[in-house]
Amino acid sequence: MREEQQQERFKAMRLDANDVLVGVEELQSEADLTERHVDLRPYGGECDRPANEYRWNREAERLEPLRVAERLQPAGVSLEQAVAALIVALGHAGVTVPEISARWAASFLNSVEGQRLQR
């Protein structure tokens, strides 16, 4: 039974390189957590904050609102969105994409932010 509980999917906030919240992802296991994730289980399992408006404060373990100037992004897209779109386009053009890049793009496209990109 304990092993089954460890296999349950759970949600984690996805952070960019500046610890800005970029979305929430559903992860398969603890092994999927990276330094760019915050496991939401200790915080009720959900996050209702909009992407690109909050930064994770690692010391205080909380989200803090970004200043208005920090919220603005060039062309309204994140770096992750731009890179994922590029990787997908290269693949569609027949360019061999490194496996690690293809896996990252697939994972990103399954995230909340990535799903918005596909609309």
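Summary of values
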read-out: Pairwise label distance in nanometres, ASP39 with VAL68, each label 7 Å out on the Cα-Cβ vector; value: 3.9 nm
read-out: Ellipsoid equivalent to segment 1-71 - semi-axes via the Cα gyration tensor, in Å; value: 25, 11, 10
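Every read-out reported here was derived from the displayed coordinates using simple, explicitly stated rules and does not represent laboratory data. Just so we're clear, the structure is a prediction, and the values are computed from it rather than from any experiment. FYI the Cβ positions are ideal-geometry reconstructions off the backbone, even for glycines, and counts take in every protein chain you see.
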